[in-house]
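The values are calculated or read from the model by the stated rules, or taken from the named source; none is laboratory data. What you see is a predicted model, and the numbers here were worked out from it, not measured in a lab. Using ideal geometry, Cβ is built from the backbone for each residue, glycine included, and neighbour counts are taken over all protein chains shown. With ligands, DNA and RNA removed, areas are computed over all heavy atoms of the protein, side chains included. Shrake-Rupley method; radii C 1.70, N 1.55, O 1.52, S 1.80 Å.
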Amino acid sequence: MSDDEADSGGASAALVFSGDAYDAVLDHARDGAPEEVCGVLGGTGGGEEGGGSAADGPRRVETALPVENVAEMRRTRYELDPAEQLDRIEAIEADGGDVVGFYHSHPKGPSEPSPTDRAEATWPGASYVVVDLRDERVGSWRWTGEEFRREAVRVERD
């Protein structure tokens, strides 16, 4: 998988990761396996309600902040610790950034939202990033409030 186009199949919008943020998400997923891990993504362009469009330009992820997974069945589910999630969001905003979205891993795949992920998505306009550890594929979908729309994932390295 190329750093320029990590997972673009059929996407109209783009989510661009800094190399450090992308590596942090993958490292967290690897380190947490076989359980799912989760976290908050900070950067720029996270303010569009309803999902935006390709014309909005790419959204950028500059930081990936891990949050403890407090789900009862962490091998197949994730739930961000509410207090820690709020702390991470406040830290991103205090640094002048936007909450771009959230990430979690699927240690046994796939790199797309599960039916549970779709049923529990709650942040319109946010990117939901899913890491499939089988082939380290990173997928992203923007939640419109009604459905997920696939986003291309790109990585920019210095």
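Laid out as a table, the results:
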| quantity | calculated |
| --- | --- |
| Hey, Glu146 assigned to a helix (DSSP H, G or I), of a type in the set (D, E, K, R) and either surrounded by fewer than 22 Cβ atoms within 10 Å (Cβ to Cβ) or at pLDDT 95 or above (or both) or not | no |
| Residue match in region 56-71 (condition: part of a loop (DSSP other than H, G, I, E, B), closer than 22 Å to Glu36 by Cα, of a type outside the set (S, T, N, Q) and modelled with pLDDT of 95 or more) | yes |
| Top-ranked residue in region 27-51 [being at pLDDT below 85 and open to solvent by 30 Å² or more (accessible area, probe 1.4 Å); ranked as nearest to Arg142 (Cα to Cα)] | Gly50 |
| Residue check, Thr76 more than 19 Å from Asp27 (Cβ to Cβ), open to solvent by 20 Å² or more (accessible area, probe 1.4 Å) and free of Cβ contacts under 8 Å to residues at least 60 places away in the same chain | yes |
| Residue under evaluation Asp7, criteria (1) of a type in the set (D, E, K, R); (2) crowded, with 16+ Cβ neighbours inside 10 Å; (3) at pLDDT 95 or above, criterion not met | (3) |
| Contacts under 7 angstrom Cβ, first residue in region 13-24 being modelled with pLDDT of 95 or more, partner open to solvent by less than 10 Å² (accessible area, probe 1.4 Å) and hydroxyl-bearing (Ser, Thr, Tyr), 6 or more apart | Leu15/Ser127; Leu15/Ser140 |
| Counted residues, region 126-143 - those being open to solvent by 70 Å² or more (accessible area, probe 1.4 Å) and basic (Lys, Arg) | 2 |
| Which numbered condition Asp158 fails, given (1) within 18 Å of Glu35 (Cβ to Cβ); (2) open to solvent by 20 Å² or more (accessible area, probe 1.4 Å); (3) at pLDDT below 90 | (1) |
